[in-house]
Amino acid sequence: RLGAKKATGGINWPYGVRDLEIAPFEIDRLEVTCAEYLVFVREGGGAWPRTWCDADEQPLPYDPAWDRLPIVGLRYEEARAYAEWRGARITTWFEMLAAAGGPMGRSWPWAEQVTAEELRPLDRMHAARPWFKGVRDVGSTPLDRARESGCFDLYGNACEWTSSHFVLEYAGKLRVEW
């Protein structure tokens, strides 16, 4: 059972609740950190991410203060190459929802109902680079932990890629293509 039963926290979930069978899958508990991605780059697996470059797209020196922050700004192909380098894959959108809501199909990773205070972004800011604004160390928000899966940061830290493509049909039906 996936999806929100109703609009909550001022966010409207247009697709409703879906009963789906999802094959068993594995998902990381935490987002990929900059330090983890740096190993991939240094071992020749990928290019310097554009978020680590200046306005002229020239690489900036890596800052160890970034180590625990999630890697952001990757193109899909870069994220997929990293996952494959690790012997993994990018999860589907439905797998991500299942990890977040668990078998009870909660609307939010930690509860069915949330308060406006819980939805307010945390105020931890990093001033070193513009992309740091609002991004916090992975796993640092105990509230944002999915109960059953044990995953952190499934809401509100950084965006995640999924391997699913969406087409919302006019009849109000959701079709997901892989």
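ARG75 meets the conditions (1) at pLDDT 90 or above; (2) touching a helix residue (DSSP H, G or I) at 6+ places or on another chain (Cβ under 7 Å) in every case but one. The failed one is (2). If only residues of the range 67-85 that are out of contact with any Phe, Trp or Tyr (no Cβ under 8 Å at 6 or more places or on another chain) and either farther than 12 Å from GLY46 by Cα or not in a helix (DSSP H, G or I) (or both) are counted, the one that is least open to solvent (accessible area, probe 1.4 Å) is PRO70.
A count restricted to the range 137-158 and to residues that are at pLDDT 75 or above and of a type outside the set (S, T, N, Q) stands at 9.
The values are calculated or read from the model by the stated rules, or taken from the named source; none is laboratory data. Because the structure is a prediction, the values reported are computed rather than measured. Neighbour counts run over all protein chains shown; Cβ positions are idealised from the backbone, glycine included. What goes into the accessible areas is simple: the full protein's heavy atoms, side chains included, and nothing from ligands, DNA or RNA. Shrake-Rupley method; radii C 1.70, N 1.55, O 1.52, S 1.80 Å.
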